[in-house]
């Protein structure tokens with residue numbers, strides 16, 4: 001490892017939580033191979049103003065989720081993830097700012113998954129996505145980065161056999177809620 005290299009975390013999980021009054025909060029959880037936390041980072045709320053909405057147009061969400069929030073969180077991290085999982089299609093834009101593969105965890109049809117706010121990929125949304133599977137979970141990578149599939153599968157293979165890829169997002173949301181309560 002070079003002097004400027006970051007130590008490796010096995011998995012990274014990144015999500016953005018929308019708060020009606022305050023705006024968007026980003027959270028990044030880096031886990032070791034046992035699924036235990038190595039690092040957690042979250043952002044202060046970001047709320048685009050009307051001028052940004054007009055100027056960025058349709059690219060605003062991917063800018064916010066990819067660059068303004070995601071890249072900022074990854075820059076704070078002292079460990080570099082082997083892979084990064086997200087739960088929103090706009091968050092896939094963070095791939096431009098990380099060397100690791102980035103994949104969206106796709107909601108499944110299992111009854112216990114109904115309360116999870118994961119992005120659903122169906123025929124209307126599948127354009128531009130490449131799918132891979134990790135156990136019962138389906139993941140989607142931007143087709144532009146379909147070559148990341150092998151590295152993603154290798155990184156996912158470092159996790160415990162029955163690791164639930166959706167569960168870390170609940171941890172992130174809980175930690176963000178706790179940080180909001182503590183900050184009041």
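The values are calculated or read from the model by the stated rules, or taken from the named source; none is laboratory data. These figures come from a predicted structure and were not determined experimentally. Positions of Cβ are backbone-derived with ideal geometry, glycine not excepted, and every protein chain shown enters the neighbour counts.
Here is a check on your reading of the model: is residue 152 part of a loop (DSSP other than H, G, I, E, B), at pLDDT 85 or above and within 19 Å of residue 80 (Cα to Cα)? Spelling it out, it is not the case that residue 152 is part of a loop (DSSP other than H, G, I, E, B), at pLDDT 85 or above and within 19 Å of residue 80 (Cα to Cα). Total residues in segment 48-67 satisfying the condition of being over 19 Å from residue 128 (Cα atoms) and either touching a helix residue (DSSP H, G or I) at 6+ places or on another chain (Cβ under 7 Å) or buried (at least 19 other Cβ atoms within 10 Å of the Cβ) (or both): the figure is 6. For segment 4-34, a residue qualifies if it is within 20 Å of residue 105 (Cα to Cα), touching a strand residue (DSSP E or B) at 6+ places or on another chain (Cβ under 8 Å) and surrounded by fewer than 18 Cβ atoms within 10 Å (Cβ to Cβ), and the qualifying residues are 18, 32, 33. If a residue must be within 18 Å of residue 93 (Cα to Cα) and either part of a loop (DSSP other than H, G, I, E, B) or out of contact with any strand residue (DSSP E or B) (no Cβ under 6 Å at 6 or more places or on another chain) (or both), how many such residues does segment 36-46 contain? Going through segment 36-46 one residue at a time, the tally reaches 1.
What about residue 132, is it outside any loop (DSSP other than H, G, I, E, B), farther than 22 Å from residue 72 by Cβ and modelled with pLDDT under 90? The answer is yes for residue 132.
Residue 66 meets each of the listed conditions (1) assigned to a helix (DSSP H, G or I); (2) over 23 Å from residue 153 (Cα atoms) apart from (2).
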